[in-house]
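Colleague: The structure follows.
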Amino acid sequence: MAENIKNNKADPVDQVSQENKETVEVPSASKATEAANVQENKQKDTQQPDFSKGFNAKIIVVTSGKGGVGKTTSSAAISSGLAMLGHKTVVIDFDVGLRNLDLVMGCERRVVFDFVNVIKNECTLNQALIKDKNCPNLYILPASQTRDKDALNKAGVARVLHELDESGFEYIICDSPAGIETGALMALYFADIAIVTTNPEVSSVRDSDRIIGILDSKSRRAEFGLEPIKPYLLLTRYSPSRVQAQEMLSKDDVVDLLSIELIGVIPESQSVLKASNAGKPIIHDKESDAGQAYMDTVNRILGHKVDFRFLEVEKKNFFRRLFGM
């Protein structure tokens, strides 16, 4: 009996040999599986009917043609404002390789997984979502800092958006990179509303006009003949005194050039930079002109009628003129 038990024990040498054989065979099987997955993803990307399904959540892309106009600042402020008003909101950073949203939102130390990890099935959506520390209704999905922008694909983005939709989010804010590269096209493809962010200068306005043309031609809605994306103009870094001195375009000039509805005018303010450096969106600063202007913008997005402010040069009273304030 003991001899039978002894004979039944696997020889350690044979066992190691067998394990080595298995490790040699695994890579080829893994490559075959990987190739099959790649092929499957390519087939999904060509199945246009998959993308025709709509969403219960309202998807808003914050976009522009030119960089440095305040898209990420605006994405952070608008998403925070919606959450502050009681709406369950998520903001997604589409700027793969050059993420900044996590810094503006003050959650850069909490990033473990990112948007691309979710698309590549390297983690679950819940693992990648970061709960905002200022608004209980707000979540952040950061971009990857190390991947290439081509890591984004329509099938993967659609899957993540539908999962967010099914999780009960009311608003999905897509923070787009500048220009018309892959990240920007992915950010606008599924949008219902576009916030076209521009500065009151000729080059910025011209690039925004180009983006409006892309919204009309390369979105999901355009592809399937649905109602077009509704574009709105968000004018940032506006200075009435510089407009008066003819150093920048006026609000009316920009509206006339782009021919889209104005949703907000954000005054030029040092408080915006201070808020970004502090990792707290400017909309939380209720004393600043910029913070108030962003909250006005959020209320207009929600359909409320709000008068525009900060469009005229502030008149100084007697004491302010006397003391040069």
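The values are calculated or read from the model by the stated rules, or taken from the named source; none is laboratory data. None of these values were measured; they are calculated from a predicted model. Positions of Cβ are generated from backbone atoms using ideal geometry, with glycine treated the same way; all protein chains shown enter the neighbour counts. Heads up: the accessible areas ignore ligands, DNA and RNA and are worked out on the full protein's heavy atoms, side chains in. Shrake-Rupley method; radii C 1.70, N 1.55, O 1.52, S 1.80 Å.
Colleague: Please give the number of the condition residue 317 fails out of (1) of a type in the set (S, T, N, Q); (2) under 24 Å from residue 85 (Cα atoms); (3) at pLDDT below 90.
Modeller: (2)
Colleague: Take the residues of the range 262-305 that are over 20 Å from the mean Cα position of the chain (by Cα) and among the polar types (S, T, N, Q): which is nearest to residue 249 (Cα to Cα)?
Modeller: 269
Colleague: A further question on this structure: Looking at the range 214-261, which of its residues are in a helix (DSSP H, G or I), within 27 Å of residue 305 (Cα to Cα) and either within 18 Å of the chain's Cα centre (by Cα) or aromatic (Phe, Trp, Tyr) (or both)?
Modeller: Result: 215, single match.
Colleague: Only one of (1) more than 17 Å from residue 195 (Cα to Cα); (2) among the small types (Gly, Ala, Ser); (3) surrounded by fewer than 19 Cβ atoms within 10 Å (Cβ to Cβ) fails for residue 275. Which number is that?
Modeller: Unmet for residue 275, out of (1) more than 17 Å from residue 195 (Cα to Cα); (2) among the small types (Gly, Ala, Ser); (3) surrounded by fewer than 19 Cβ atoms within 10 Å (Cβ to Cβ): (3).
Colleague: Something else: Scan the range 126-136 and give yes if some residue there is open to solvent by 10 Å² or more (accessible area, probe 1.4 Å), among the β-branched types (Val, Ile, Thr), modelled with pLDDT of 95 or more and not in a loop (DSSP other than H, G, I, E, B), otherwise no.
Modeller: Scanning the range 126-136, I find at least one residue that is open to solvent by 10 Å² or more (accessible area, probe 1.4 Å), among the β-branched types (Val, Ile, Thr), modelled with pLDDT of 95 or more and not in a loop (DSSP other than H, G, I, E, B), so the answer is yes.
Colleague: Of the conditions (1) modelled with pLDDT under 95; (2) over 22 Å from residue 188 (Cβ atoms), residue 84 satisfies every one except a single condition; which number is it?
Modeller: Here residue 84 clears every test but (1).
Colleague: Out of 256, 192, 216, 165, I need the residue that is open to solvent by 10 Å² or more (accessible area, probe 1.4 Å), at pLDDT below 95 and either within 29 Å of residue 118 (Cβ to Cβ) or not polar (S, T, N, Q) (or both). Which one?
Modeller: Values: 256 fails: at pLDDT below 95; 192 fails: at pLDDT below 95; 165 fails: at pLDDT below 95.
That would be 216, the only listed residue that is open to solvent by 10 Å² or more (accessible area, probe 1.4 Å), at pLDDT below 95 and either within 29 Å of residue 118 (Cβ to Cβ) or not polar (S, T, N, Q) (or both).
Colleague: Within the range 256-299, can you find the residues that are basic (Lys, Arg) and touching a residue at least 40 places away in the same chain (Cβ under 8 Å)?
Modeller: Listed by number, the list holds a single entry, 280.
Colleague: Also: How about the range 292-310: which of its residues are in a helix (DSSP H, G or I) and either over 23 Å from residue 133 (Cα atoms) or in contact with a helix residue (DSSP H, G or I) (Cβ under 6 Å, 6 or more places away or on another chain) (or both)? Break it down into steps so the answer makes sense when it comes.
Modeller: So the first thing to find is which residues in the range 292-310 are in a helix (DSSP H, G or I), and the list is 292-301.
294, 295, 298, 300, 301 - these are the residues of the range 292-310 that are in a helix (DSSP H, G or I) and either over 23 Å from residue 133 (Cα atoms) or in contact with a helix residue (DSSP H, G or I) (Cβ under 6 Å, 6 or more places away or on another chain) (or both).
Colleague: If residue 253 satisfies every condition in (1) under 19 Å from residue 84 (Cβ atoms); (2) in contact (Cβ under 8 Å) with a residue 12 or more places away in the chain but one, which is the exception?
Modeller: Failing condition for residue 253: (1).
Colleague: When you go through 99, 109 one by one, which is the residue that is out of contact with any Phe, Trp or Tyr (no Cβ under 8 Å at 6 or more places or on another chain), assigned to a loop (DSSP other than H, G, I, E, B) and either modelled with pLDDT under 95 or open to solvent by less than 20 Å² (accessible area, probe 1.4 Å) (or both)? Even if it seems obvious, please write down each step before you answer.
Modeller: Numbers: 109 fails: assigned to a loop (DSSP other than H, G, I, E, B).
99 is the lone residue from the list that is out of contact with any Phe, Trp or Tyr (no Cβ under 8 Å at 6 or more places or on another chain), assigned to a loop (DSSP other than H, G, I, E, B) and either modelled with pLDDT under 95 or open to solvent by less than 20 Å² (accessible area, probe 1.4 Å) (or both).
Colleague: Taking into account only those residues within the range 278-291 that are open to solvent by less than 50 Å² (accessible area, probe 1.4 Å) and either in contact with a Ser or Thr (Cβ under 8 Å, 6 or more places away or on another chain) or assigned to a helix (DSSP H, G or I) (or both), which is farthest from residue 62 (Cα to Cα)?
Modeller: Restricting to residues being open to solvent by less than 50 Å² (accessible area, probe 1.4 Å) and either in contact with a Ser or Thr (Cβ under 8 Å, 6 or more places away or on another chain) or assigned to a helix (DSSP H, G or I) (or both), the top hit is 288.
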